[in-house]
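Q: Right, I'll just put the structure down here and ask away after.
The values are calculated or read from the model by the stated rules, or taken from the named source; none is laboratory data. Treat the numbers as computed from the prediction; the structure is a model and nothing was measured. So basically every Cβ, Gly included, is an ideal-geometry build from the backbone, and we count neighbours across all protein chains shown. What goes into the accessible areas is simple: the full protein's heavy atoms, side chains included, and nothing from ligands, DNA or RNA. Shrake-Rupley method; radii C 1.70, N 1.55, O 1.52, S 1.80 Å.
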Amino acid sequence: MQQSMNKKGLEDLLSQDPDVRLKAASELGVRDADELEPVDYCVAVADRLRYRRGEDALLILHRLLAHPEPLVQASAAGALVPTDPEVAVPVLEALLLTDDRKVRYRVVESLCRIRTGENGRLLAKILWPLYQSRSAIDPSDDWIRDLRRLITNTLGDVGDSYAVISLEQAVTDVDPEVRANATEALGLINDQLAIPVLVQALDDKDDRVRLEAVKALGLLGDRSVSAAVLPKLDDPESAVAAAAATSLGWLGYVEAVPRLLRLIEGESDRIARASFQSLRQCGYVVSARELATKLESPDAEVRTRSMMVSLLGLTGEAEALPPLLTALGNRAVPVKIAAARALGRLADRRAAGYLAEVLEDDQPTVVHKEVVRALGALGDPSVGWVLRLASKSQDQELAHAAEATLVWLGLARLAPERSEPSRDSTHTRAPQLLLRAGRFGERL
């Protein structure tokens, strides 16, 4: 769009002379203006003027407000929302009464750009009637579904408790995106009245709905919901489980400590780190030095050692490296696995050589697989030689893990291809690993 376009040029947009109008439209950035119907042309002009400032643009938009077609009026009012909401909002409210779906959607779309409490109440009033008759929510009706998605996606940003009742209805919507939007909005509004609905949403079949419900309950800060959030630590979706750990930390639910301690030993870094932070928020604070001292006790059981080793890897302290390297040489397989995983999470490259030595030793495959993952987390390409040896293993899962790690480290270009199925399908992750590493030019 040409910023040099003057007032006369803007007035030419509504000229009766086709050539003059076409030239002005071209300068404004309206494409194929000569092929548009009159109504579509006016809509396109209004849409382009939305990005213009100045009295000249306002003059044209005000003239379009007087157009006989509701769609043009809605487009002009929508374009006026940022600069003249006092004029635009009453026009938009009046247009809500029209039966034309295209007009009503454009009206709602424009209202969603006004993030004020008063406008949020208007949107909530639009949303509420949709749920008074379940027959009105037709899963096959894309228009009404998109309308519900748009409104629920906006109400959270407005943050007005007036919208809670409408959003509670939306949490039971047939569309998972609407349910997720409404659940997230209830968390952002932060009203205690929403707690019963959010607790019910914890069991929703959609992952995102459960995730938003867990986060919302954590933000509300009411410890009475802690027992309801606790089972979500075992949610099959790792993002939900991690969010549950985080929320329990926000809630200061000390009773969750035993469960959180078990989670730090799991394979998911996301869940482990969230659990570790929640342990600290619940008052379970340990330093690398304290953990190292406890590990020196000969009476510590294997399970206890594994837990303390896992904690060491999450401290982020340089002092954690020596005891972890000692634990890597422990005879107990669970302790060795925990040490390898912890070294990967500690992300201290000085551990790479020690991990490579373990990969050379005659160890159980389950240990080798964890070592390979740890080497990938460290990101040290100097261990490529030992990973190539592991990639030739007879164990398919270990071979796939080694090959994918080589791709991640930039030491291999091709995605692993094997005829035998792999339980963890590591070879299918190689392209994603390349993208995450930023090597977009690699050919797969």
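Q: Report, ordered by the first and then the second residue, all pairs with beta carbons closer than 7 Å, sequence separation of six or more or different chains, a first member in region 21-41 that is within 17 Å of residue 10 (Cα to Cα), and a second member that is of a type in the set (Lys, Arg).
A: Taking only residues 6 or more apart or on different chains, the pairs are 28/48; 29/48; 30/48.
Q: For region 373-384, name all the residues that are part of a helix (DSSP H, G or I), over 23 Å from residue 276 (Cα atoms) and either without any contact (Cβ under 8 Å) to a residue 12 or more places away in the chain or open to solvent by 10 Å² or more (accessible area, probe 1.4 Å) (or both).
A: Once the filter is applied, which keeps residues that are part of a helix (DSSP H, G or I), over 23 Å from residue 276 (Cα atoms) and either without any contact (Cβ under 8 Å) to a residue 12 or more places away in the chain or open to solvent by 10 Å² or more (accessible area, probe 1.4 Å) (or both), region 373-384 yields 381, 382.
Q: With surrounded by 22 or more Cβ atoms within 10 Å (Cβ to Cβ) and either modelled with pLDDT under 90 or farther than 26 Å from residue 93 by Cα (or both) as the only criterion, which of 25, 76 stands out?
A: The match here is 25.
Q: Looking only at residues in region 247-267 that are open to solvent by 40 Å² or more (accessible area, probe 1.4 Å) and of a type outside the set (D, E, K, R), which one is nearest to residue 345 (Cα to Cα)?
A: Top of the filtered list is 258.
Q: What helices (runs of 4 or more DSSP H) lie completely within region 97-193 and have 3 or more residues being surrounded by fewer than 17 Cβ atoms within 10 Å (Cβ to Cβ)?
A: It comes to 101-111, 117-127, 142-158.
Conditions tested, residue by residue: (1) of a type outside the set (Lys, Arg); (2) in a helix (DSSP H, G or I); (3) within 34 Å of the chain's Cα centre (by Cα); (4) over 18 Å from residue 306 (Cβ atoms).
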{"position": "345", "(1), (2), (3), (4)": "no, yes, yes, no"}
{"position": "350", "(1), (2), (3), (4)": "no, yes, yes, yes"}
{"position": "355", "(1), (2), (3), (4)": "yes, yes, yes, no"}
{"position": "363", "(1), (2), (3), (4)": "yes, no, no, no"}
{"position": "367", "(1), (2), (3), (4)": "yes, yes, yes, no"}
{"position": "371", "(1), (2), (3), (4)": "yes, yes, yes, no"}
{"position": "386", "(1), (2), (3), (4)": "yes, yes, no, yes"}
{"position": "394", "(1), (2), (3), (4)": "yes, no, no, yes"}
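Q: So, in region 269-284, how many residues would count as being under 16 Å from residue 236 (Cα atoms) and open to solvent by 40 Å² or more (accessible area, probe 1.4 Å)?
A: Qualifying residue count, region 269-284: 2.
Q: Moving on. Exactly one of (1) more than 24 Å from residue 157 (Cα to Cα); (2) surrounded by 18 or more Cβ atoms within 10 Å (Cβ to Cβ) is unmet by residue 59. Its number?
A: Of the numbered conditions (1) more than 24 Å from residue 157 (Cα to Cα); (2) surrounded by 18 or more Cβ atoms within 10 Å (Cβ to Cβ), the odd one out for residue 59 is (2).
Q: Name, by its number, the condition in (1) under 24 Å from residue 260 (Cα atoms); (2) in contact with an Asp or Glu (Cβ under 6 Å, 6 or more places away or on another chain) that does not hold for residue 320.
A: Of the numbered conditions (1) under 24 Å from residue 260 (Cα atoms); (2) in contact with an Asp or Glu (Cβ under 6 Å, 6 or more places away or on another chain), the odd one out for residue 320 is (2).
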